1. All but one of (1) at pLDDT below 85; (2) assigned to a strand (DSSP E or B) hold for residue 155; which doesn't?
2. Listed residues 69, 46; which is buried (at least 20 other Cβ atoms within 10 Å of the Cβ) and either within 29 Å of residue 165 (Cβ to Cβ) or touching a residue at least 40 places away in the same chain (Cβ under 8 Å) (or both)?
3. Quick one: which of 6, 52 is touching a strand residue (DSSP E or B) at 6+ places or on another chain (Cβ under 9 Å) and either among the hydrophobic types (A, V, I, L, M, F, W, C) or modelled with pLDDT of 95 or more (or both)?
4. When both residues are 6+ apart or on different chains and their Cβ atoms are under 8 Å apart, which pairs have a first residue that lies in segment 124-138 and is farther than 15 Å from residue 172 by Cβ, and a second that is part of a loop (DSSP other than H, G, I, E, B) and of a type in the set (A, V, I, L, M, F, W, C)?
Amino acid sequence: MFKSLLRRTLHRPLRDKRGGIMIEFGIAMPLLILLMLGGVELGRYVLLHQKLDRTAMTVADLVARVNTVDVADLNTIFSAVDLVMTPFTMGSKGVVVISSVVDQSGVPHVAWQRKGGGTLNLTSDVGNQGGNATLSDSSLVDPTDGIVVGETYYDYSPWFISLLPSARLHHIAIYRPRGADKVTCSDC
């Protein structure tokens, strides 16, 4: 009798099917949350790349439309960066660099350069003002024309999970000046 009571008591939990779905839910829920957060992070990463590319193109295009700029004009253009970057902000994580590159005796040369739109401290991949320019193709600058190069830099770090590693993102846009051979800066 004692044996049969003990056997029924021990086998009852094994025969009870109530709550089985809770076990499956408990196993699947962390995976579903991970997939959701990963999708949000991936979407944020793709949107950030699009915004950085659009910002580089917008700044370079605005400068390439004029013959001469000054620091006040460039600061006005840089003030529009956060509008283009919305919902992201540059702040201390990013910066926009605008450069005018001209041909100097067959060598691309950075005529002038300004940074703005953010406070990230770095050196442009194109080069420094007054120095030789480093371009992927030096034939972009011909002896009679200059180019305007817009660069965006952003230190990306994931929000939720490290699906994508932290990295410095860089986008570049190159435009030829429309109104003259080159864009000059009066007080750069």
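The values are calculated or read from the model by the stated rules, or taken from the named source; none is laboratory data. Because the structure is a prediction, the values reported are computed rather than measured. As a convention, Cβ positions derive from the backbone with ideal geometry for all residues, glycine included, and neighbour counts pool all protein chains shown.
1. Failing condition for residue 155: (1).
2. 69
3. Within the list 6, 52, the selection yields 52.
4. 129/188
Residues are listed down the side, and each one gets a yes or a no for (1) surrounded by 15 or more Cβ atoms within 10 Å (Cβ to Cβ); (2) modelled with pLDDT of 90 or more:
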{"position": "75", "(1), (2)": "no, yes"}
{"position": "85", "(1), (2)": "yes, yes"}
{"position": "90", "(1), (2)": "yes, yes"}
{"position": "106", "(1), (2)": "no, no"}
{"position": "114", "(1), (2)": "yes, yes"}
{"position": "123", "(1), (2)": "no, yes"}
{"position": "129", "(1), (2)": "yes, yes"}
{"position": "180", "(1), (2)": "no, no"}
